[in-house]
Amino acid sequence: MTLTPSPRISNLTLRPLRICPGTSKCHPPWCLRLFLLLVFSANAAFSGTIVKTLPGFDGELPFKLETGYVRVGTSEMFYYFIESEGNPKEDPLLLWYSGGPGCSALNGLIYEIGPLAFNITEYEGGIPSLMYYPYSWTKTASILFVDAPVGTGFSFPLTPEGFATSDTLAAKEIYQFLRKWLMEHPQYLKLQLFVGADSYSGISATLVVQHVLDGNLDTNLTQLNLKGYILGCPEIDGKITANAKIVFTHRIGLISDELYNSLVEEITLIQPQKNPACYENLQLINKCTKDLYKNNILEPKCTWASPESADEPARRLLEENAEGFILSPPRIPEFWCRNFNYALSYIWANDQNVRAALNIREFTIGRDASKSLNYGRDVKSVLDYHRNFTNKGLQALVYNGDHDLIIPNLATQGWIGKLNLTIVNDWRPWLVDGQIAGYTIKYSENGYRLTYATVKARRLKKRITEEVDTHRKSPSVGNVITCLRGLFTTILSRESLHFRNSGN
């Protein structure tokens, strides 16, 4: 029997599932859809399919793409797996998911580290066209992108209660997903494993690393060959981040010396409402920065293009009302803002031909869940976990945009400083094509190695076509720093991360 999804399911403006307040029941239409999900997923603990073509891409994909679902508890977690374009039998395996919480893994694949990109400059409606991106991390690693936590992208729960999640629950589910996926793909078990995430997912990714370490102590479980982790603009400690934002706004010239000095004297960030003067000054900072695009303060904010003028959710990918601000960038380049780029994701992911090519389960919605996810932020700091990692011989790459006001580079440098590591390569610039692309420093302690890199932001040129012509690609909504192509390939090299345990 062939079922056709309801038009409401595939409509771009469809709202996410809502649970009735005070009861475990859902709205009747959604109860039927959840029942159908249960029926069609009853025997689908694992399913993966090789995808050779995608709508919008000319010809066959020049890399191996597998998509599928892995059953974790009462949820189905969707993944995109791209095998290394280098030496897949030896190159490391990287688990990657995006921030938000609630940004789809498509965020990482298209805008961050994957081998595909949208042709933004020539978009005139319809299915966005895709281009091969030759500087992907898949040149040196196989990458397993997962829609996490459950409720994000094409991952879905089989019960209404499954939409409720948290830092700790998400980390457990992601770890279980990783272990189950590897059991179904044993050829990748021997490869060096890295866990990667960005933005707010720095919290749960840290917990995932700890779960892997703990699981490897269980003699009844298959050992995972964990070698390290990669974190981009990560949230690690809320208090450190909050304080760093104030210091950053002053250093970058967004607030006056007088305002900053008064805050230094009176600030109590944990409960500013108990200090009226502190609260008032924090409000002044908000007033000074509210019209900035906080992911990259050099870029224009899309206030005119979106009806929501309140604090924009950080690290967004798929908009629920994309048609409200879809305009063709080449036609009005002077009004460009980054939402133009990311709106294409929503159009592409919700096209029925795309969903069929990706083997998406019926009745699921390709969307960003950052506005509607029932997510409990139950972990305030994972700094102590990183202190523990320094005794485990792991390798870490941590990077940050230098004009990011969501997770400032000062916050990342602050928590790294608290690890009390030994500097082995002091602060220096790193270059791409002879130009400074950022700064880096390397630490080591008891076999633990950490490389930290800043990524230099740039002011976008007036004509959007120049962004493609100069070979640049934004690493993500979560790290909108529009860095040079080849940047991450340079950092994510065997030499810099010691994928082969070179001993350097």
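Any read-out appearing in this document is the output of simple, stated calculations on the displayed coordinates, not a laboratory observation. Values in this document were obtained by computation on a predicted structure and should not be read as measured data. So basically every Cβ, Gly included, is an ideal-geometry build from the backbone, and we count neighbours across all protein chains shown.
Quick look at the values:
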read-out: Counted charge near Asn243, where neighbours are those whose Cβ lies closer than 13 Å (Asp, Glu -1; Lys, Arg +1); value: +3
read-out: Segment Glu258-Thr168, length gained on full extension (0.36 nm per residue, minus Cα span); value: 28.3 nm
read-out: In Hz, Karplus ³J(HN,Hα) per residue of the stretch 247-261 (6.51, -1.76, 1.60; θ = phi - 60°; x = Gly, Pro); value: 4, 5, 4, 6, 5, 8, x, 8, 10, 7, 4, 4, 5, 5, 5
read-out: Residue-count net charge about Trp96 - beta-carbon cut-off 13 Å; Lys, Arg +1, Asp, Glu -1; value: -3
read-out: Positive minus negative residues near Pro115 (Lys, Arg vs Asp, Glu; Cβ under 9 Å); value: 0
read-out: Order of Glu124, Glu362 under a 10 Å beta carbon neighbour criterion, fewest first; value: Glu124, Glu362
read-out: Long-range HN-HN contacts of Glu122 with modeled amide H, under 5 Å; value: none
read-out: Whole-Hz couplings from phi, Karplus 6.51/-1.76/1.60, listed for the stretch 230-242; x for Gly and Pro; value: 10, 10, x, 6, x, 7, 10, 9, x, 5, 4, 5, 4
read-out: Dipole magnitude of the stretch 401-462 about its Cα centre (Cβ charges: Lys, Arg +1; Asp, Glu -1), debye to nearest 20; value: 320
read-out: Most to least packed among 283-290, 407-414 [average Cβ atoms within 10 Å]; value: 407-414, 283-290
read-out: Separation in nanometres of the label points that stand 7 Å from Cα toward Cβ, at Leu221 and Gln435; value: 4.5
read-out: Gain in span if fully extended, Asn87 to Asn119, counting 0.36 nm per residue against the direct Cα distance; value: 8.7 nm
read-out: Positive dipole terminus of the stretch 399-447, leading residue within Val424, Ile407, Gly434 (C-beta point charges); value: Val424
